[in-house]
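Note sheet for the following structure.
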Amino acid sequence: MQLTYWAEHAWLETNVEPGVALEVADGRITAVRKGAEAPPPGAVVLRGLTIPGLANAHSHAFHRALRGTVQVGAGTFWTWREVMYQVASRLTPETYFSLARAVYAEMALAGITAVGEFHYLHHAPGGAAYRDPNAMGEALIAAAADAGIRITLLDTAYLSSAIRNKHSGEAPTKLQLRFSDGTAEAWAERASALKGGDHALIGAAIHSVRAVPAGQLSTVAQWAQERRAPLHVHLSEQTAENEACLAAHGCTPTRLLADHGVLGPRTTGVHNTHLTNEDVALLGGTSSGTCMCPTTERDLADGIGPAAALQGAGSPLSLGSDSHAVIDLLEEARAMELNERLRTRTRGHWTAAALLRAATEDGHAALGWHEAGRLEPGMLADFTTVALDSVRTAGPVQRLAVETAIFAATAADVRHTVVAGRQVVRDGSHVLVPDVPAALASSIAALRG
């Protein structure tokens with residue numbers, strides 16, 4: 001299929017250009033023509049600012065069912081987690097497909113063209129394997145296809161409930177049994193049967209150092225290394241995790257991961273909130289990435305991670321919506337800057353272009369989609385258009401369109417989303433899932449106890 005999209009304005013890495021024709025064939029951009037003052041005959045018109053598709057580098061799709069519910073009363077991350085476990089206990093492959101399809105459609109409406117699904121809900125309640133041991137993961141891959149976005153399924157090793165000592169972890173709780181394969185070797189055997197496709201890549205994840213005993217970390221790392229696959233890990237999200245690791249191993253979680261061969265250019269630490277200076281240097285020195293999830297980190301009162309220091313040390317930044325308190329990568333991008341302003345009481349730690357790069361090119365790279373994230377010939381034809389005439393975005397001059405998008409726009413301002421050259425969102429409506437709110441409402445209602 002050959003098609004031309006005409007962008008009223010387009011961000012071409014260094015600047016905003018008016019009148020850009022994007023020629024597409026076989027799911028890729030074949031030409032980028034600047035100076036097209038009017039749409040070419042037959043072109044699809046994209047009014048607003050067209051940018052590369054946004055990459056949501058960290059998602060737990062089923063957490064979307066918690067929105068609103070967990071805002072009643074007080075508590076901590078740990079009390080929130082108990083509510084989350086109750087929702088997890090009710091999911092089946094069929095209900096998870098329905099929920100994830102709706103959640104991924106919501107992401108498409110927000111301009112997200114690729115998601116990194118940190119997937120650990122593997123088995124039936126009680127821990128018994130489904131007839132197809134990967135039924136839950138395959139439901140997520142199918143859901144992304146139905147919603148029209150790309151997915152990197154980060155199949156997650158989750159073997160223990162806490163650190164017991166330097167050699168072993170505590171057994172999973174009753175509600176955690178469906179997360180566990182028993183050993184890293186059994187996890188690797190099951191994960192090896194997963195298959196990707198044009199819209200799907202298979203990666204790996206270590207849930208955390210509390211959920212994978214130290215002696216089994218290298219098995220997961222080696223599995224990812226052999227496949228040159230992305231490897232993600234929740235890292236130092238909670239001070240309790242750091243304290244337990246220090247007590248058992250005499251080192252921080254970052255050092256433990258480094259000592260077992262987990263860190264490296266294809267590895268991304270998620271959150272990276274409570275780090276020492278040595279941790280920052282280790283992550284930067286190994287070119288391990290950092291995925292910040294500011295809306296979740298503030299929702300759960302986790303803290304503000306040292307994103308600027310990490311990037312300065314050599315750790316590429318990406319962004320995720322994690323628990324889906326909101327699904328809005330533009331908000332995640334500006335929240336990273338605004339959090340740093342609150343922490344330091346100074347402004348301007350990242351340019352708008354740098355924040356957008358974290359939400360696009362660097363996010364895709366963290367998920368293994370190295371041919372996405374830029375509007376250039378040869379790249380995947382994944383892009384999104386943000387309105388410049390809404391009540392939030394109207395007024396600024398064209399050259400400030402990126403600043404307007406990052407610091408004023410929201411997901412509600414996304415007008416069009418294109419994936420592999422196909423329009424998935426048109427004029428603010430999802431083409432493949434006609435009523436996304438209804439799909440969300442019905443799939444979440446099915447999970448109520």
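The values are calculated or read from the model by the stated rules, or taken from the named source; none is laboratory data. Being a predicted model, the structure only gives us computed values, none of them experimental. Here the Cβ is made from the backbone with ideal geometry for all residues, glycine too, and neighbour counts use every protein chain on show. Keep in mind that these areas ignore ligands, DNA and RNA; they rest on the heavy atoms of the full protein, side chains included. Shrake-Rupley method; radii C 1.70, N 1.55, O 1.52, S 1.80 Å.
What FRET efficiency do you get for E13 and Y130 if R0 is 51 Å and r is their Cβ-Cβ distance, rounded to the nearest 0.05? Calculated transfer efficiency: 0.70.
Only lysines eight or more places from K34 in sequence, or on another chain, were considered; none has a Cα closer than 16 Å.
For the set S98, S208, the ranking by accessible area, highest first and with no ligand, DNA or RNA atoms included, is S98, S208 under a 1.4 Å probe. With everything on Cα atoms, drop me the angle between helix 214-227 and the longest principal axis of the chain, reported from 0 to 90° to the nearest 10. Its long axis makes an angle of about 40 degrees.
Working out 0.36 nm times the residue gap between T276 and S442, then minus their Cα-Cα distance, what length gain in nm do you get to one decimal? Walk me through the intermediate numbers first.
Working: separation 166, 0.36 × 166 = 59.76 nm, distance 4.44 nm.
The T276-S442 span can extend by a further 55.3 nm.
Provide the gained length on full extension for the span S192 to S287, in nm with one decimal, where the gain is 0.36 nm per separating residue minus the Cα-Cα distance. Show your work: numbers first, answer last.
Values: separation 95, 0.36 × 95 = 34.20 nm, distance 2.61 nm.
Result: 31.6 nm gained on full extension.
The trypsin sites (Lys or Arg not before Pro) of segment 1-104 that meet both conditions, a loop assignment by DSSP and at most 12 other Cβ atoms within 10 Å of the site Cβ, are K34. Segment 137-193 and segment 355-424 have Cα centres separated by 31 Å.
Counting only residues at least eight positions apart within a chain, or on another chain, the aspartates and glutamates with an alpha carbon under 17 Å from that of K174 are E82.
Given their separation in residues at 0.36 nm each and the Cα-Cα distance between them, V45 and R422 gain 134.4 nm when the chain is fully extended.
With the charge dipole of the chain set up from +1 on Lys and Arg Cβ and -1 on Asp and Glu Cβ about the Cα centre, the Cα lying farthest toward the positive end among the listed residues Y158, P52, A221 is that of Y158.
For segment 20-105, the relative contact order comes to 20 percent (Cα pairs under 8 Å, sequence separation of at least 6).
Within 10 Å, count the other beta carbons around each residue, average over each peptide in 160-171, 311-322, 6-17, and list them highest first.
Details: 160-171: 16.5, 311-322: 23.8, 6-17: 19.4.
Ranking the peptides 160-171, 311-322, 6-17 by packing returns 311-322, 6-17, 160-171.
The Rg/Rh ratio of segment 1-140, with Rg taken over Cα atoms and Rh as the Kirkwood radius over Cα pairs, comes to 1.14. Between E243 and R67, the FRET efficiency estimated from the beta carbon spacing at R0 = 30 angstrom works out to 0.50.
For the residues E189, E117, a 1.4 Å probe over the protein chains yields an accessible-area ranking, largest first, of E189, E117.
Between R399, R298, R131, the Gaussian network model of the chain with springs among Cα atoms under 10 angstrom shows the greatest mean-square fluctuation at R131.
Placing unit charges on each Cβ (+1 for Lys and Arg, -1 for Asp and Glu) gives the chain a dipole about its Cα centre, and among Y96, L22, A10 the Cα reaching farthest toward its positive end belongs to Y96.
For the chain, the antiparallel share of DSSP beta bridges with both residues in that region comes to about 45%.
Each Lys and Arg adds +1 at its Cβ and each Asp and Glu adds -1 at its Cβ; summed about the Cα centre, the chain shows a dipole of about 360 debye. For the chain, the percent of C-alpha pairs falling in each 20 Å distance bin, counted from 0 to the bin holding the largest distance, reads 27, 59, 14, 0. In this simple spin-label model, placing a label point 7 Å from the Cα along the Cα-to-Cβ direction at both S218 and K174 gives a separation of 3.8 nm.
What is the magnitude of the charge dipole of segment 29-171 about its Cα centre, with +1 placed on the Cβ of each Lys and Arg, -1 on the Cβ of each Asp and Glu, and no other charges, expressed in debye to the nearest 20? Don't skip to the end; give the middle numbers.
Working: 12 positive and 10 negative charges, 63 e Å.
The calculated dipole for segment 29-171 is roughly 300 debye.
Measuring max minus min along each principal axis, the C-alpha atoms of segment 213-329 give extents of 35, 33, 26 Å (largest first). Pairs of Cα atoms nearer than 8 Å and 6+ residues apart set the relative contact order; for the chain it is 21 percent. Ellipticity at 222 nm from helices only: DSSP H runs of n ≥ 4 in the chain, each -39500 (n - 2.57), divided by the residue count, give -10000 deg cm²/dmol. The packing ranking, built from the mean of other Cβ atoms within 10 Å per residue, places the peptides 371-381, 350-360, 435-445 in the order 350-360, 371-381, 435-445, highest first. Each residue of segment 67-129 gets 120 Å³ once the volume of the Cα convex hull is shared out per residue.
Along each principal axis, taking the top coordinate minus the bottom one, the Cα set of segment 351-449 gives 48, 35, 26 Å in descending order.
Placing unit charges on the Cβ atoms of the charged side chains and taking the dipole of segment 194-262 about its Cα centre, the candidate lying farthest along the positive direction among P230, H249, H199 is H199.
Rolling a 1.4 Å probe over the protein chains gives M84 an accessible area of about 10 Å².
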